[in-house]
Amino acid sequence: MSDNSRPQTEQSSAGVWTETVLEAQPPAFSTQEAEAIARRAFDIEASAHALDSERDQNFQLRTTDGNDWVLKIANPAENPALLDMQTQALLHIARVEPSLPIPRVKTTPDGASFYEVDGPDGRRFIIRALSFLPGQLLDDATLHPALLRDVGAMAARLARALRGFFHPAARHELLWDLTLAPALRTRTRHIEEQGRRRVVEETLDHFDAEVLPRLKTLRAQVIHNDVSELNTLVDGNRVTGVVDFGDLIHAPLVCDLAVPIAELSRRHPDPIAAAAEITAGYHAVTALEDDELRLIFDLACARCAMEVTIANWRVRDHPENTDYIMAGTQNAGIHLDRMRDLGAERMYSALRRACATPISLEFSDFTRSAKNKDNLQSLIERRRRRLGPELELSYKNPVHVVRGEGVWLIDEEGRSLLDAYNNVPSVGHCHPTVVQALARQAATLNTNTRYLYESVIEYADRLTATMPGDLSVCMFVCSGSEANDLAWRLAKAHTGNSGGIVVEDAYHGTTDAVYELSPADYGIDKGRTLAEYIATVPAPDGYRGQFRRSDPQYATRYAACIDEAVASLATRGFEPAAFYVDLVLSSNGIMIPPPGYLSEVFNKIRAAGGLCVADEVQSGFGRTGDHLWGFEAHDVVPDIVTLGKPIGNGLSMAAVVTSPAIVASLMKETDFFSTTGGNPVACAVGLAVLDVLEQEGLQDRAARVGAILRSQIEELAERHPLIGDVRGAGLFIGVELVRDRSTLEPATKETTAVANRMRDLGVLVGVEGPCGNVLKIRPPLVFDTNHATQFTDALDRALSEV
Ligand SMILES: Cc1ncc(COP(=O)(O)O)c(C=O)c1O
């Protein structure tokens with residue numbers, strides 16, 4: 001099973017590779033001698049059959065009980081410490097993960113893991129017996145996606161089992177150590193074909209200058225380092241064995257993944273797709289870090305460059321073995337050219353997407369193991385006791401999440417739930433760029449805005465650059481509620497008024513002041529009445545409201561309600577300080593204000609002396625698709641914009657953006673300081689979120705995928721009469737369910753039932769609206785068309801079942 005084309009070499013002190021083991025005569029035992037040693041040393045009664053090996057001598061020991069062994073007679077020039085490391089690694093893996101299909105070490109009757117014998121030529125040989133793993137070589141298998149994923153998963157499982165393993169020989173110098181690839185630069189002269197040589201040299205130079213320094217910052221451990229076609233055994237689409245631990249090395253973990261990627265992707269018509277499958281399989285076992293994903297392309301290229309160099313060098317020294325040496329590496333050069341054409345960025349994006357996709361998109365009904373059921377019950381009870389019994393817990397079968405990734409939430413059973421609900425992790429759960437920015441900054445400096453640091457200014461520059469007009473000053477706080485609270489103080493200070501106008505059923509937050517501006521949560525059902533200084537206007541609901549879409553004047557009619565609100569405030573002795581509007585009218589059941597509505601409203605509010613506050617806490621940061629900010633779709637410029645939720649992808653941060661004049665008005669009355677608002681960690685995160693939004697084109701994606709998802713749901717409406725209305729913008733979609741399309745009787749119970757059923761099918765969606773009959777769909781913006789289809793399939797099924 002050993003890969004014979006790979007010379008074991010050492011590096012001289014001058015840094016030039018010289019061969020040792022291959023130059024030493026391999027052992028030359030006869031089959032009879034091998035059989036005798038097997039019997040004497042390992043108590044194995046078997047017939048010996050020679051296996052191929054260039055540097056050692058290996059025999060398959062065929063026994064009558066079918067449990068065959070391999071007798072491995074090491075080349076006497078082999079470093080005994082390396083042989084010991086291999087044996088210790090095999091023993092370690094067998095202890096920590098016995099289910100891994102690797103060779104088992106056969107010990108001698110007195111418990112030794114090797115046997116020493118004087119050979120026929122008088123040299124001393126170390127002999128080991130390992131179990132023989134039957135199976136087809138991966139080299140001969142068809143590369144089905146499932147098999148590629150299993151190769152990735154097996155590499156990850158092996159590496160995971162080796163995590164706690166170390167050996168003094170682990171940092172030995174190995175020719176196939178990717179971190180030493182640049183040392184091969186001295187051997188590229190053996191590549192005769194000039195074009196190829198140039199590509200190899202460029203690859204190695206790039207690796208030396210750009211990759212190696214980054215590689216040094218990655219997690220490292222002892223790795224197998226050769227999960228290759230000739231060392232991997234398969235049965236159908238499953239890996240059934242990994243052999244040959246001869247290239248074990250302490251190196252960056254990701255190098256282990258680069259080997260199968262470099263080898264298998266060259267045999268695949270779509271190398272990037274193959275790499276993505278292998279990576280997805282790996283990632284499902286051990287989550288890969290972003291820096292690792294970014295380097296896989298270069299590592300795979302470097303591995304190909306190494307293969308080309310080493311093979312050509314070996315051919316020079318051993319021309320008689322040309323066919324044999326070139327056999328495994330003949331396509332490495334061609335593949336290297338192909339990879340360079342494809343480019344690192346394409347590979348990186350495909351790998352990132354692959355890591356954000358769960359292994360299976362199949363529906364399976366929700367179940368929970370008995371142990372996890374007990375655990376869940378105890379968690380719920382402790383939560384009730386410590387957080388109060390009233391704190392809402394979503395779904396009949398509550399979700400116990402342990403991990404998040406992209407559009408996925410992973411529960412305690414390891415099941416991936418498609419998150420179509422959470423808009424806060426807008427660039428994807430635990431986005432590595434954001435997480436790293438957070439971790440790096442948290443490890444460097446975190447302080448407050450009373451000191452000078454660049455990031456807060458840079459962040460404010462970036463945010464205000466996206467805003468029109470005079471919206472040029474940022475005030476940083478920690479939650480959407482705080483931002484709206486601060487906006488209220490600003491508006492009162494600037495206008496000298498103290499009345500507020502909000503949309504019926506609006507929600508703007510939880511502070512005492514903002515609570516008064518939030519009729520949705522006001523507890524009107526609990527007998528509370530609105531504060532005297534608040535007036536409401538109906539939501540411009542063109543579906544079930546007082547004025548409908550069929551009326552061409554309906555936007556104007558709704559806007560006219562502002563006049564009544566202003567008049568009503570006046571009768572109570574108040575003039576408006578501010579009008580607040582959520583640009584997606586989320587708590588109203590998700591509706592985008594109709595065209596023309598906001599410009600009329602803003603004019604009326606300003607005419608009455610008030611300011612216009614755009615609450616972009618839900619609608620901001622590209623969610624609505626066509627624009628970064630919801631207000632931009634309406635041709636209006638607000639006086640104050642409040643930002644929150646997706647601003648930090650989950651970190652508690654928020655901002656108010658307004659004009660210098662409005663800030664000055666407040667500062668005449670009072671000071672403003674938020675201890676943690678705008679701190680360096682928040683700014684690092686905020687900048688990373690903006691970077692990811694831009695780099696991954698998430699706003700465009702929201703527009704594109706949102707439109708597809710809406711049209712898929714509209715198609716469902718043709719079959720499901722329960723669907724009354726589908727509306728929204730980008731990836732903020734409301735689906736209103738009604739029992740009767742003419743009376744619009746709200747299907748409240750059915751809506752909750754659909755959300756619960758979808759949850760059990762593995763798709764998270766929310767329920768919204770004054771009647772509780774609107775499905776709220778606002779996934780992380782990394783949602784793509786596959787996810788949209790999965791969502792629609794689950795919705796289809798849930799609607800059929802309720
Ligand atoms: C439109 C809107 N504004 C403000 C807030 C308050 O934000 P936070 O919960 O971060 O205080 C919310 C929260 O749901 C919201 O939906």
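Quick notes on this structure:
- Cα shape, segment 528-662, gyration tensor, a/c 1.5 rule: oblate
- Anisotropy class of segment 366-424 from Cα gyration tensor, a/c 1.5 cut: oblate
- Reciprocal of mean inverse Cα separation for the chain (Kirkwood radius, Å): 30.4
- Helix 480-495 axis, angle to the chain major axis (alpha carbon atoms, nearest 10°): 40
- Rg and Dmax, both from the Cα atoms of segment 190-335 and both in Å, are 15.6, 45.
- Taking all Cα pairs closer than 8 Å and separated by 6 or more residues, the relative contact order of the chain comes to 10 percent.
- Note that the chain presents 40 Å² accessible area per residue, ligands and nucleic acids not counted, probe 1.4 Å.
- Estimated from helical segments only, the mean residue ellipticity of the chain at 222 nm is -12500 deg cm²/dmol, where each DSSP H run of four or more residues counts as -39500 (n - 2.57).
- Seen from every direction in turn and averaged, the convex hull around the alpha carbons of segment 156-264 projects onto 8.1 nm².
- Overall form of segment 408-520: oblate. Here a/c, set by the Cα gyration tensor axes a ≥ b ≥ c, is 1.5 or more, and a/b is not larger than b/c.
- Phi-derived couplings, Karplus 6.51 cos²θ - 1.76 cosθ + 1.60 at θ = phi - 60°, listed residue by residue for segment 251-261: 7, x, 3, 5, 4, 4, 7, 5, 5, x, 5 Hz, with x used for Gly and Pro.
- Ranked order, S369, S426 - accessible area, probe 1.4 Å, largest first: S369, S426
- Rounded to the nearest 20 debye, the dipole size of the chain about its Cα centre is 1360 debye, using +1 on the Cβ of Lys and Arg and -1 on the Cβ of Asp and Glu.
- Database remark: amide H of V424 closer than 5 angstrom to no amide H (H placed geometrically; neighbours at sequence offset of 5 or more, or on other chains; Pro and chain starts carry no H).
- Restricting attention to segment 578-724, close to 30% of DSSP beta bridges with both partner residues there are antiparallel.
- Separation of alpha-carbon centers, segment 725-802 and segment 604-629, rounded to whole Å: 26
- Efficiency of FRET between S349 and V473 - r from beta-carbon atoms, R0 35 angstrom, step 0.05: 0.45
- Between D582 and D615, the built amide H atoms are under 5 Å apart, and every one of these is 5 or more places off in sequence or on another chain.
- Across T675, T286, the residue with the most accessible area heads the list, and the full order at a 1.4 Å probe is T675, T286.
- Protein accessible area in the chain, 1.4 Å probe - carbon and sulfur %: 49
- With contacts taken as Cα pairs under 8 Å and at least 6 residues apart, segment 95-144 reaches a relative contact order of 32 percent.
The values are calculated or read from the model by the stated rules, or taken from the named source; none is laboratory data. Source: prediction; values computed, not measured. Backbone-built Cβ (ideal geometry, glycine too); neighbour counts: all protein chains shown. Surface accessibility is based on the protein's heavy atoms, side chains included, excluding ligands, DNA and RNA. Shrake-Rupley method; radii C 1.70, N 1.55, O 1.52, S 1.80 Å.
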